[in-house]
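Notes to accompany the following structure.
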Amino acid sequence: MCTASRHAARRAQAGVTLIELALFIVIVGVAVVGILGVMSLTTRNSVDPQLRKQALAIAEGMLDEIEGARFTYCAVDDPAAETATGEAACATGEAFGIQGGATQRPYDNVNDYVAKDGSAISYTTDVAGNPFSALANQYAATVSMNAVALNNIAAPNVLHIRVSVAYGDNQQVVLDGYRTRYAPNSIP
């Protein structure tokens with residue numbers, strides 16, 4: 001009996017079988033592949049927050065630039081630009097689109113940031129004409145605006161401005177803002 005118990009004890013301490021070892025390797029291999037897949041996906045998408053942050057910075061810069069532009073009834077060089085209460089008081093009126101042959105930003109009036117028919121314009125450069133990104137076609141900003149009524153202010157005196165910046169794979173950041181005329185007596 002003593003020999004049988006020694007033989008059983010030795011057998012219990014003998015180690016793992018080949019089947020157990022193979023099963024362990026398969027289980028650990030599947031777990032490692034799963035973990036590496038998640039890490040790969042995370043690494044691949046980690047650039048997206050940076051692209052979104054840059055697109056947001058471009059959109060904020062464009063919206064600030066547009067909201068900071070003049071919004072009067074008259075062209076900037078018109079003598080009545082600061083005092084006109086309507087387009088009739090202007091020698092040169094201000095309308096959508098670039099006036100006076102200007103072809104490059106910064107424009108002199110908020111209306112210059114859209115086409116003459118009021119449709120959106122897409123921009124790929126900053127104020128100085130530099131591309132938004134060193135990577136070609138990485139970002140494209142689109143500016144659109146339309147006249148709206150806002151808090152008892154008539155539609156011709158308020159513009160709703162929308163700046164959307166496209167980036168990456170069909171992603172975009174959209175910011176909205178409003179601009180009112182500041183010409184004296186233009187807002188009842």
Quick calc, E67 & A149: beta-carbon distance into FRET formula, R0 22 Å, rounding 0.05, result 0.75
In the neighbourhood of Y167 defined by beta carbon distances under 12 Å, the net charge of the other residues (Lys, Arg +1; Asp, Glu -1) is 0
Here the gain from full extension of Q50 to A91, 0.36 nm per residue of separation minus their alpha-carbon distance, amounts to 10.0 nm
For segment 25-82 (alpha-carbon point model, no solvent) the Debye-based log₁₀ I(q)/I(0) at q = 0.13, 0.23, 0.27, 0.30 Å⁻¹ works out to -0.62, -0.90, -0.99, -1.06
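We did not get these values from a lab; they are worked out from the coordinates using the rules stated. All values derive from a computational prediction rather than experimental measurement. Cβ: placed from backbone, ideal geometry, glycine included. Neighbour counts: every protein chain shown.
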